[in-house]
Amino acid sequence: MKTIEIAPVDNIAIKPFILEDFIEREDTLMYSEKISKKELKALANSMGLEYDDTSITLAKKLLNAYLKEK
């Protein structure tokens with residue numbers, strides 16, 4: 001059985017319903033930053049990986065597709 005509590009009118013606050021308060025903004029869900037090929041080459045070299053344009057392009061496309069799905 002549920003309990004009901006009766007409150008005086010003075011204790012009740014009425015606020016407008018704003019739909020945007022309950023919806024996550026798309027720009028806060030995903031953050032991506034453009035990286036130059038020079039920066040990617042430096043990162044690959046620091047990790048001991050081989051760098052070529054086709055593998056970097058493919059990796060960027062796969063990563064972007066994965067982030068869009070999330």
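A short reminder: the numbers here are calculations on the coordinates, not readings from a lab. Only a predicted model underlies this, so the values are computations on that prediction, with no experimental measurement involved. Heads up, the Cβs are rebuilt from the backbone with ideal geometry, glycines too, and the neighbour counts pull from every protein chain shown.
If you rank GLU20, GLU39, GLU5 by fewest surrounding Cβ atoms within 10 Å, what's the result? Could the numbers behind the result be given before it?
Numbers: GLU20 7, GLU39 10, GLU5 4.
With the sparsest Cβ surroundings first, the list reads GLU5, GLU20, GLU39.
Which order results if ASP53, ASP10 are arranged by neighbouring Cβ count within 10 Å, fewest first?
Ranked by crowding around the Cβ, least crowded first: ASP10, ASP53.
Straight-line reach from LYS41: which lysines fall under 28 Å, measuring Cα to Cα and dropping same-chain residues less than 8 apart?
Counting by Cα, and skipping residues close in sequence, LYS41 has these lysines nearby: LYS60, LYS61, LYS68, LYS70.
For the chain, take the longest principal axis of its alpha carbons; what is the angle in degrees between that and the long axis of helix 53-69, to the nearest 10 within 0 to 90?
The two axes meet at around 10 degrees.
Students often get this wrong, so try it: which of (1) 68; (2) 51; (3) 56 is percent of Cα pairs over 17 Å apart as calculated from the structure shown?
From the options (1) 68; (2) 51; (3) 56, the structure gives (1).
Along the three principal axes, how long is region 30-70 when you take its alpha carbons, biggest first, rounded to the nearest angstrom?
Answer, in whole Å and largest first: 29, 17, 15 Å.
Taking the chain as a Gaussian network, Cα atoms linked when under 10 Å apart, which of LEU58, LEU19, LEU43 shows the biggest mean-square fluctuation?
Highest fluctuation among the options: LEU19.
By how many degrees, between 0 and 90 and to the nearest 10, does the Cα long axis of helix 37-46 differ from the longest principal axis of the chain?
Helix 37-46 sits roughly 80 degrees off the main axis of the chain.
Rank these for me by crowding, TYR51, TYR66, going from fewest to most other beta carbons within 10 Å.
The order, fewest Cβ neighbours first, is TYR66, TYR51.
Modelling each spin label as a point 7 Å along the Cα-to-Cβ direction, I'd like the LEU40/LEU19 distance in nm, to one decimal.
Calculated label separation equals 4.0 nm.
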